[in-house]
Structure formats: structure tokens, C-alpha cells
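J.: Please see the structure below; I have some questions.
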Amino acid sequence: MVLKDFVSRMKTRIFFILTFALIGCSTGLHLKKSVSPSIAPDFLNQIAAKTSISDKWWEGFKDPILNSLVQQVLQNSLDLKKNNLAILVLKKRYNQEKANLYPELNIEGKVIREGKHVSTPMGGTTYSLGNIYSLTLYASYELDLFRKLSFERQSAWHQFLQNKYQYLALRQSLISETVRTYFSLVFLKQKRQLLKRILQIAREKENLARLKYQYGSISLENLLNYQNLVKQRENILLGLENSLKQTAYNLSLLLGTYPENDFSSQTWDNFSLDVLNINPGIPSELLRRRPDILAQEENLANLKVRAKIARAARFPRISLTASFGYASTELEKLFTPESSLFNLAMGILQPIFQAEKLKKEEEIAILNYKQGEIEYAKTLLTAFKEVETVLSLHQILFRQRQNIWHTLKNQEKKLELAKIKYAQGSISLLELKQTEEDYLDTLLNWEQNKLDILTNQVNLVKALGGSW
């Protein structure tokens, strides 16, 4: 009966205290988006293409070496490993915040050795030495009336999702960078072969020019020009060798390995321009595709929740505590009814004066949310700009390719005619070699345009958010 009366009195007190605390209190905080860029119904630049792309889009090139490199990057990337650990930390932090919504239970056992002077009936004193045994179960629970604990849990969840989307953005960026670097490596090998042929022709032209100079057919100035051209071609080839090494080093860095001078690769002619011919869809779809946009959305949601947490911090914290246990000077009597004890308590902590510290915290949280809105809008506009830029370049590169194709065909015809004229004695061998060199220069532009298109297509996949 005593316990029931005590609990009844506690309920009555809690009711009056909460009523007093809630009078005039309003925890509602409504934050609406004030910065929201308009989304166009369609992209300015469109291409007629496929409607989707596979999850492992790079496998469409049917290059086992490329597939292996991408797989190694995903397994060995230190940045991905670091980001993945951060995700695990945030997931556990979220679980911690969930645990705060439940009561906390603790058990404590003590043995106290106590010595004291005790008065005797005869008026003297004696020294008493004994033990006090206790075993107590403690329980505490914070009432989440103003949803502060719930908001903390929501904040931890948004942070987890934000980091998860950042991980996906980093993963897609590493894949795209690996594919682009591999394409550059294969192209540079193809370019090296063409430059070696061009250098060989330049040397042959120099030898022919030297003979003509000896016979007085050309001036010394013309001979020097041919010699200078050879040196220029040699320097270009040396620069290409350095570019090849740097590209291999960049690929090694992506793989997380010690720098290598070269990698085995597929031949350049095996790559097709039709593999990544994709349709960008509509701009609003980017909001669901791009992980960096999704990460910014989660960041904005977290900032909104943080503002609510700052608001809730200005209201009372109400907690309930209870304990039940036993205490006795004799161990064998510890768990007897007369040794039992308990207590129930309720505490309320209401900030009264902190020089507007909590109010300023709330205002700062609201300002942070507004900054997050601007950052989110900037991310959207950047994403739209990237897609429009890639789509515009896609059209330009293919128009350039048509022009180069016509030029290349004309150079082929000129080379065929030059061979016929040389056989007939109408032109010299030097003029034939010049025509052959012009053809190889045009062919080099043709292959460079192919690399630009492949790189731009990879950029389009990345700009659109990867596979879907």
C-alpha cells in the first residue's frame, strides 16, 4: 500500500510539473526552402541514343584488361576503404542514438568494510569492525516530450545516408577516372606508332633534301628546315614517351600500387564509339540519379533536424530514475525482505538564464540550414551545367569527326594519286613523302577525335550519375 500511494503521488506531481513546463511552450519549427532553382523540362542539347545503361557499363567495351583494372581499383582504393569505414562509424552512431530512446539499466554490487567506535552501556567505547553488503538495480529514463532524442536519431540517420551517397559518388568518380586513364594509355600507344612512322618519313625527307642540296637542287635554308623538322618530330615523340609514363603512374595510383612504367592493353582499333551511346533523359531525373545531389539532400535534411534539436534544447529535460536492491551487514540476510530498499524520483532541468546562449545556438542552426539550401541549389545548377556541357561537346565532336573523315578520305586519294604520279615520274620522292606525312597527320587527328569522344562519353555517364 505504501508503494502504491507513493507512485500515485509521483504521478500527480509529474502531471503538475509537466503542465507548468508546457504552458506557453511551442516546439514547432517550420523551415521552408527559400532557395530553389528552376528545373528545365528538357536539356538544351539532346542526342538520339539508347534509353539506359547497365550497372557495369565499362564491360560493354569487352576488354578483360579494363574490367580487371576497374575491379582492382574498387578493391584497393584507399579512399574507398576510408569512406567505407566512415559509413560503419556513422551506422553505429545511429544505433547509439536509437539506444537513447530506451531506459538505461545498471546493476551495482558493493562490499564496504566499515570500522567505527561504538558506545557501550557502561559508558565506555569499543571499536566495531564489520562489512556492509549491497546489491542495487538502477533504472533511468529521459522523457522525450520535446522530441530532442528523436531528432538526434534522425540527424544520425541523415549523416549516415549522406556519407553513403558520398561513397557512391566517389566510387563512380574512381571508375570513370580509371576508364578515362586506360583509354588515354591505349591511345598514346597508338599515337606512338603513328609518330614513329611520321618521324621515319621526316628522316627520309631530310636524307632526300641533303642529296638535293649536294646537287644544288635546293638551298641550304630548305635543308635546314628539313633538319629542324626532324628534331621537332623527335621532341614530340620524347614528350609522348613521358606522357605515357605519367599516364601509367596515374593508373598505378588509382590501383593503389607502386608506380609502373606501362600496362598491357587492348589495341586501340577494338574500341567502339557505340558502346556508351546513351540518352540523358530529363533534368529532373538527375535528382534521383546523381549521388552527390542525394548527399546534399541528406545534408540539408540533417541541418533542418539540427535546427529542431537546437530548438528543443531550450525546453525542459525531464528524467525518471528508480532503484531497487538490498543492503545488509550480514551476507546471509542480504536477500531477505527486511533488507530490501527502493526509491523513485523524477527530475526536471529547465534552462533559465544562459545569456541567450541556447537562443543563439538555434539561430546559428537556422542560418546553417539556409547555407545548406544555397549549397544544395549550387549542386543542382552545377550538375545541370555538367550535363549540358558534355551533351554540347558530344554534338561538336561528332561534327568534327565528320569533317576529319572527309579530310582523311581526301588525303587518301591524294596519296594514291601521288603514288601514281611518282611511278610516272611526274613528282619527286620528296613530294610523295610529304603527301604521306600529311595523310598520317590527318590520321592522327582522326584518332585523337576518337579519344575525345570516348572520354566525353565517360564524362556523360558520370554527369548523369552512373548506371540506371
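J.: State the number of residues belonging to the range 56-71 that are assigned to a helix (DSSP H, G or I) and buried (at least 16 other Cβ atoms within 10 Å of the Cβ).
T.: Within the range 56-71, residues that are assigned to a helix (DSSP H, G or I) and buried (at least 16 other Cβ atoms within 10 Å of the Cβ) number 6.
J.: Being over 56 Å from the mean Cα position of the chain (by Cα) and either surrounded by 13 or more Cβ atoms within 10 Å (Cβ to Cβ) or under 30 Å from Glu177 (Cα atoms) (or both) is true for just one of Ile132, Ile112. Which residue is that?
T.: Exactly one of Ile132, Ile112 is over 56 Å from the mean Cα position of the chain (by Cα) and either surrounded by 13 or more Cβ atoms within 10 Å (Cβ to Cβ) or under 30 Å from Glu177 (Cα atoms) (or both), namely Ile132.
J.: When the range 275-327 is examined, which residues are found to be farther than 26 Å from Ala156 by Cα and part of a strand (DSSP E or B)?
T.: Scanning the range 275-327 gives Ile278, Thr321, Ala322, Ser323, Phe324, Gly325, Tyr326, Ala327.
J.: Modelled with pLDDT under 90, surrounded by 13 or more Cβ atoms within 10 Å (Cβ to Cβ) and among the hydroxyl-bearing types (Ser, Thr, Tyr): is that true of Ser392 in this structure?
T.: Taking the combined requirement at face value, the residue does not satisfy it.
J.: Another question, then. Within the bounds of the range 330-349, is there any residue that is modelled with pLDDT of 80 or more, outside any helix (DSSP H, G or I) and surrounded by 12 or more Cβ atoms within 10 Å (Cβ to Cβ)?
T.: No; the residues of the range 330-349 include none that is modelled with pLDDT of 80 or more, outside any helix (DSSP H, G or I) and surrounded by 12 or more Cβ atoms within 10 Å (Cβ to Cβ).
J.: Return the residues of the range 122-144 that are at pLDDT 75 or above and not in a strand (DSSP E or B); say none if nothing qualifies.
T.: Asp144
J.: Hey, any hits in the range 290-302 for a residue that's within 28 Å of the chain's Cα centre (by Cα) and among the basic types (Lys, Arg)?
T.: Looking through the range 290-302, at least one residue is within 28 Å of the chain's Cα centre (by Cα) and among the basic types (Lys, Arg).
J.: Next question. Here are some residues: Ser272, Ser217. Which one is out of contact with any helix residue (DSSP H, G or I) (no Cβ under 7 Å at 6 or more places or on another chain), part of a loop (DSSP other than H, G, I, E, B) and closer than 30 Å to Leu429 by Cα?
T.: Ser217
J.: With respect to Lys304, is the statement that it is in contact with a Gly (Cβ under 9 Å, 6 or more places away or on another chain) and among the basic types (Lys, Arg) true?
T.: Yes.
J.: When you go through (1) out of contact with any Phe, Trp or Tyr (no Cβ under 6 Å at 6 or more places or on another chain); (2) surrounded by 13 or more Cβ atoms within 10 Å (Cβ to Cβ); (3) of a type in the set (A, V, I, L, M); (4) in contact (Cβ under 8 Å) with a residue 12 or more places away in the chain one by one for Ile404, which number turns out not to apply?
T.: So the condition that Ile404 fails would be (1).
The values are calculated or read from the model by the stated rules, or taken from the named source; none is laboratory data. These figures come from a predicted structure and were not determined experimentally. Heads up, the Cβs are rebuilt from the backbone with ideal geometry, glycines too, and the neighbour counts pull from every protein chain shown.
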